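Have a look at the structure below before the remarks.
The values are calculated or read from the model by the stated rules, or taken from the named source; none is laboratory data. Treat the numbers as computed from the prediction; the structure is a model and nothing was measured. Here the Cβ is made from the backbone with ideal geometry for all residues, glycine too, and neighbour counts use every protein chain on show.
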Amino acid sequence: MSLSQTAVLTQILLPIQTQTPTPSMNTSSMNVIPQWLQFPGWRWAVALVVIIIGIVLSRYITRLIGRPVARRFQRQSVAQTALRLVRSSIVLFTVALAASVVGLQVGDIVLSVTVFSAVLGIVLAPIAGSIINGLFILADQPYEIGDMIELDDGRRGFVDDITIRYTKIFTLDNTFLVVPNSSIREQLVTNFSAEDERVRQTLDIAVTYESDLERARELIQRAAASVDDVIEGGPDIRVGNARYPARPTVFLDSFGDDGIVLRLRYWVMRPYKLPAVESDVADAIWSRFQEDAAELEFPYPHRHLVFDHTSGSLDATVQTGPANGKSSTTSHMNAEARENGNVNQNTNKYNITLTLTLIATLDNRLMSFR
């Protein structure tokens, strides 16, 4: 090919190469939304649809993986917390996706969080504390859902739910009690259902020094064993390395001013019935003491009035008679007192008339004032 032919061919191909179109990056061609759907505010509508889909999808996924997660953790509180975290992560992801549809970038979101973190830190400090304490509760496992616990103020109930922010308690008064985790971790929580629901109770009973001590022990043990929900006997109950008899037992606790104090210890099968069982045990003991022929009495304070020669002279007239179905005693007393001093000193006489109304006993004796 000659030089002239080459020049002609170059002149023919050069316009063709310059007219070859290059692919342009047109953003409108990459848009997924058709042009006929792009109405004013369509980005916000798409973002709202994305969020709704994310919420529905989070619920479906938590239901789908609920049983495997529950079998994996074996603790209901931990399993529920894990499912909540999965659900929250899905919702947050869809919210971020919806923000990108609207036009917000991740950098803008991070910048906004950085700007408002100092302000929100003061407001959200209690919530953050509850969340941290909730994580400690889930890790330490002081109680579990379904356990019966008692707080410092004496309120009892069953744990209904444990979250990373609060603990929900279903009280015995048929009310819900929501306690922040930051508050419940600072209290002394009594767990009645940690390992064994059987609870030991103690009751002090005093009898007079004249009572038959062995007979009193026997009656108290029988009375406690006759109450429902009180363990009558069986194998010893182990608490740590110690063993305690399951049947009701009575010990001599102390010698009081008015009588001997006996201490009853018994085990209750259901902790949520403690007030009723305590009342039934006390009522059974009282009934046994009243029905028994032995002289068993509960001590109570007595006060005796003693008159000696230093009190002067006392004249008393006692009259008893029925009044409105009750016996009454009226005493008219003339007391004469003399002052001690010189023999030549004149004697001062005082006439005092007192009227006292007393409750007379069946044998019409004035014994003591209670």
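For the reader, a short list of remarks on this structure follows.
- Filter pass, Glu232 being assigned to a helix (DSSP H, G or I) and modelled with pLDDT of 85 or more: no
- Residues that are in contact with a Lys or Arg (Cβ under 6 Å, 6 or more places away or on another chain), of a type in the set (Gly, Ala, Ser) and closer than 19 Å to Pro271 by Cα, drawn from region 210-249: Gly233
- One residue from Ile205, Ile149, Ile164 being in a loop (DSSP other than H, G, I, E, B), β-branched (Val, Ile, Thr) and either in the same structural domain as Asp258 (by TED's automatic domain parsing) or more than 30 Å from Asp257 (Cβ to Cβ) (or both): Ile164
- The condition of being touching an Asp or Glu at 6+ places or on another chain (Cβ under 9 Å) and modelled with pLDDT under 75 does not hold for Gly325.
- When region 257-284 is filtered for residues that are assigned to a loop (DSSP other than H, G, I, E, B) and either outside the structural domain of Glu214 (by TED's automatic domain parsing) or surrounded by fewer than 13 Cβ atoms within 10 Å (Cβ to Cβ) (or both), only Asp257 remains.
- Residue in region 258-270 that is farther than 18 Å from Thr202 by Cα and more than 28 Å from the chain's Cα centre (by Cα) present: yes
- All positions within region 148-169 that are surrounded by fewer than 16 Cβ atoms within 10 Å (Cβ to Cβ), without any contact (Cβ under 8 Å) to a residue 40 or more places away in the chain and closer than 24 Å to Ala79 by Cα: Asp160
- Region 170-205, subset of a type in the set (Ser, Thr, Tyr) and touching a residue at least 60 places away in the same chain (Cβ under 8 Å), residue surrounded by the most Cβ atoms within 10 Å (Cβ to Cβ): Ser193
- Residue match in region 174-194 (condition: polar (S, T, N, Q), modelled with pLDDT under 80 and in a loop (DSSP other than H, G, I, E, B)): yes
- Exactly one residue among Ser287, Ser254 is in contact with a strand residue (DSSP E or B) (Cβ under 9 Å, 6 or more places away or on another chain), among the hydroxyl-bearing types (Ser, Thr, Tyr) and not in a loop (DSSP other than H, G, I, E, B), and that residue is Ser254.
- Check on Ser77, among the small types (Gly, Ala, Ser) and either at pLDDT below 80 or in contact with a Leu (Cβ under 8 Å, 6 or more places away or on another chain) (or both): yes
- Condition met for Glu210 (in a loop (DSSP other than H, G, I, E, B), out of contact with any His (no Cβ under 7 Å at 6 or more places or on another chain), of a type in the set (D, E, K, R) and under 22 Å from Arg238 (Cα atoms)): no
- Pick from region 214-229, criterion in a loop (DSSP other than H, G, I, E, B) and modelled with pLDDT of 90 or more, ranking: surrounded by the most Cβ atoms within 10 Å (Cβ to Cβ): Val227
- Number of positions in region 262-295 that are free of Cβ contacts under 8 Å to residues at least 60 places away in the same chain and under 26 Å from Glu150 (Cβ atoms): 6
- Ala125 modelled with pLDDT under 75, surrounded by 14 or more Cβ atoms within 10 Å (Cβ to Cβ) and not hydroxyl-bearing (Ser, Thr, Tyr): no
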